[in-house]
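S.K.: Can you keep this structure in mind? I'll have questions shortly.
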Amino acid sequence: MSRIVRGGAFAVLSAATIVALAACGSDGEPTTASRDSSSSSTEGSSTEGTSTEGTSTEGADDAACEQKPRTGPVALPTADADLDAGSAAFRVTLDDGTAKCVSVVGAPDDDAGEWDKEADKIEFEFRAGDSSAGLVVTLTDRASGASDDLPTTVPGPYSDGFIGLQVDGGYFPDGWHDKCKLTVTALSADLVSGEFTCANIDAMDGGPFTDDDDDDGTSGAPSNAKKLVSADGWFVASRN
């Protein structure tokens, strides 16, 4: 069932997703933390790209990145589970001077999150985006050791999460799991969410979004950036 085929630095995944602006505050989406209610939605606020369904809209109003992920219980699934709704947003600074808020939403005909339950491990994968902008988060708890155990209470840190960020056609993966800090805020068969910070991640050629057979080629030329200087953001995957 798992879409994950990880080869050290990144995950290669097959399902198509789209990038769109997050409609904040809806069911299954994040909530606003100490923000004016007039900024609770960023729909239609793109500053670059287009708003046509299926194309990339990377620029988002800062309100999307100021949201906080939903919170929920820790109740690990006992079998495979799909979470069909998903969204994420993150502020990012690249070494080419790029600095912006990126907002992504999973495609309506694809699962943004998947639990894969096996005899020796349980793994969750979040993925939303395309070759212009996207986010991958993978949480893996192996039965053979305690170093990668998922948190038993939330919010709780998770030290072995994989995070990959797609910005302007460039992919920045935390391949060694040491450039990002992840805090999980919900962990169940119905809701997985969290927030993260990342710094000093080198760009790599290709990546799961540009290698996707369903990539629509909307990204144009890849970014000239060689390093992701910093990023901070959130993600939410839930069942509708």
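The values are calculated or read from the model by the stated rules, or taken from the named source; none is laboratory data. Small disclaimer: the values here were computed from a predicted structure and weren't measured. Every residue, glycine among them, receives a Cβ derived from its backbone with ideal geometry; neighbour counts consider all protein chains shown.
S.K.: State all residues of the stretch 168-179 that are crowded, with 22+ Cβ neighbours inside 10 Å and either among the basic types (Lys, Arg) or part of a strand (DSSP E or B) (or both); if no residue qualifies, say none.
M.R.: GLY170, TYR171, PHE172, PRO173, listed by residue number.
S.K.: On to the next question. With respect to SER230, determine if the residue is modelled with pLDDT of 95 or more, in contact with a Cys (Cβ under 8 Å, 6 or more places away or on another chain), under 16 Å from CYS65 (Cβ atoms) and not in a loop (DSSP other than H, G, I, E, B).
M.R.: yes
S.K.: Being farther than 18 Å from THR183 by Cβ and acidic (Asp, Glu) is the filter here, so list the residues in the stretch 58-103 that pass it.
M.R.: Listed by number, the residues that qualify are GLU58, ASP61, ASP62, ASP80, ASP82, ASP84, ASP95, ASP96.
S.K.: Restricting to the stretch 183-208, what's the tally of residues that are at pLDDT 95 or above and assigned to a loop (DSSP other than H, G, I, E, B)?
M.R.: Final tally of qualifying residues: 3.
S.K.: Any residue at all in the stretch 181-196 that's touching a Cys at 6+ places or on another chain (Cβ under 6 Å) and of a type in the set (A, V, I, L, M, F, W, C)?
M.R.: Yes, some residue in the stretch 181-196 is touching a Cys at 6+ places or on another chain (Cβ under 6 Å) and of a type in the set (A, V, I, L, M, F, W, C).
S.K.: Can you tell me how many residues within the stretch 216-227 are loosely packed, with under 15 Cβ neighbours inside 10 Å and modelled with pLDDT under 95?
M.R.: 5
S.K.: Starting from the stretch 213-240, take each residue that is of a type in the set (Gly, Ala, Ser) and list its partners that are modelled with pLDDT under 85, counting only C-beta distances under 9 angstrom and pairs at least six apart or across chains.
M.R.: SER219/SER56; SER219/THR210; ALA237/GLY28; SER238/ASP27; SER238/GLY28; SER238/GLU29
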